[in-house]
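The values are calculated or read from the model by the stated rules, or taken from the named source; none is laboratory data. Source: prediction; values computed, not measured. As a convention, Cβ positions derive from the backbone with ideal geometry for all residues, glycine included, and neighbour counts pool all protein chains shown. Surface accessibility is based on the protein's heavy atoms, side chains included, excluding ligands, DNA and RNA. Shrake-Rupley method; radii C 1.70, N 1.55, O 1.52, S 1.80 Å.
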Amino acid sequence: MTSATIYSRITGTGSYLPTNKLTNADLAARLAKDGIETSDEWIVERTGIRNRHFAAADQSASDLALPACVSALQAAGKVAGDVDLIICATSTPDMIFPSTAAILQHKLGQFFEKKEQVAGINHAQAATKSIAGCPAFDVQAVCSGFVYALTVADAMIKTGGAKCALVVGSEVFSRILDFKDRTTCVLFGDGAGAVVLEASSEPGILASELHADGKHVGVLCVPGTVNGGQILGDPLLKMDGQAVFKLAVGVLADVARSVLAKAGKTEADIDWLIPHQANIRIMLGTAKKLKMSEDKVIVTVADHGNTSAASIPLALDHGVRSGQIEKGETLMLEGVGGGFTWGAVLLTL
Ligand code: ACO
């Protein structure tokens, strides 16, 4: 007896951005108070970033993830009790432990039980089953985190370990920025993006590939740690921008080609490239290497900045809700970041 192949497919997307939006001019004014110079012109020319959103002081990664997940569940026609796996990609977790995913699971349960509003979102359907009890864990792969999390969820669904997964990237990078370092603090923002990934008889995720090379730990890191109740080392983000640039451009086109080969596809089969939104020059450079035109790249970096693990699902949700991306199209999602980590997922929506 042969059993039918199980695939995994994205059935809903959602995202959330904190309401506090800072333009480059706002940030320049903030830095100027410490005698640090930057300008809208410099930031736009080098990175493509014009705005970013910063979380309020009392908002954590799970708080940003909650409305993104509610929105993705609504798009998929699901309620919290349908979810049997939660994977949260974050490098800015609520606590050292437990995982942000476990905290999020509880908040989702409360939201669906109490039918309260979250970030202006109402929902019509009450929970019939509890979300409590499903596996929930975090993935820490910095800006590649969402691609890592999606690949793990895909594998769990294909091997029968889950049927309806919530995969979310959520970050509050504003908490780990050094506002005395103009070379890094202008680049990042906060936000969350989520997808519902369900078991399906039709192919959704076609192929994926993940990589890490720990010899590059120092090029992008937050070196501090907690020891004996004290912070040891610097708890703020450090980056060698030019080294990151070279590493990123080098690996992104290669991993995309490798994933295409695994799926038996070519560059011409990609309808949309959804790269990690780090820097417009890296993104368009990758598109060029893949012989894709710039208008086939989903770009949100101008308005979101670099939201690390949240950037790809934020861009995906933006593309879907703006009507750019349509059901049935083929998407190449690509992440690259600290570790050094990188990876790609090819899927049909
Ligand atoms: N405003 C004004 N001037 C600045 C700023 C700023 N915010 N930051 C740096 N400068 C100055 C520097 O001090 C330097 O001045 P100098 O020539 O007098 O010494 C000059 O600008 C050029 O500095 P570089 O570091 O050489 O600038 P570069 O062209 O490399 O651009 C950048 C810097 C944007 C960080 C670039 O290296 C880059 O895009 N790197 C990729 C890193 C990235 O995208 N990281 C995101 C996180 S990692 C990830 O998500 C994968």
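Miscellaneous remarks
- Residues in the stretch 1-36 that are charged (D, E, K, R) and more than 19 Å from residue 153 (Cα to Cα): 21, 26, 30, 33, 34.
- Strands (runs of 3 or more DSSP E) contained entirely in the stretch 230-349, each with at least 3 residues that are within 14 Å of the ligand (Cβ to nearest atom) and touching a residue at least 60 places away in the same chain (Cβ under 8 Å): 330-337, 341-348
- Taking each residue of the stretch 38-55 that is within 14 Å of residue 20 (Cα to Cα) and open to solvent by 20 Å² or more (accessible area, probe 1.4 Å) and looking for partners that are away from the ligand (no atom under 12 Å from the Cβ) and in a loop (DSSP other than H, G, I, E, B) with beta-carbon atoms closer than 7 Å, six or more apart or interchain, yields 53/17; 53/18.
- Flag for residue 58 being within 16 Å of the ligand (Cβ to nearest atom), open to solvent by 50 Å² or more (accessible area, probe 1.4 Å) and under 26 Å from residue 300 (Cα atoms): no
- Filtering the stretch 46-83 to residues that are hydroxyl-bearing (Ser, Thr, Tyr) and over 12 Å from residue 15 (Cα atoms) leaves 47, 60, 62.
- Checking 45, 37 one by one, the residue that is charged (D, E, K, R), part of a loop (DSSP other than H, G, I, E, B) and within 16 Å of the ligand (Cβ to nearest atom) is 37 and no other.
- Top-ranked residue in the stretch 209-226 [being in a strand (DSSP E or B) and within 16 Å of the ligand (Cβ to nearest atom); ranked as surrounded by the most Cβ atoms within 10 Å (Cβ to Cβ)]: 220
- Residues within the stretch 167-198 that are away from the ligand (no atom under 15 Å from the Cβ) and surrounded by fewer than 20 Cβ atoms within 10 Å (Cβ to Cβ), tallied: 1
- Verdict on residue 196 being in contact (Cβ under 8 Å) with a residue 40 or more places away in the chain and within 17 Å of the chain's Cα centre (by Cα): yes
- Residue check for residue 63: loosely packed, with under 14 Cβ neighbours inside 10 Å and within 30 Å of residue 102 (Cβ to Cβ): no
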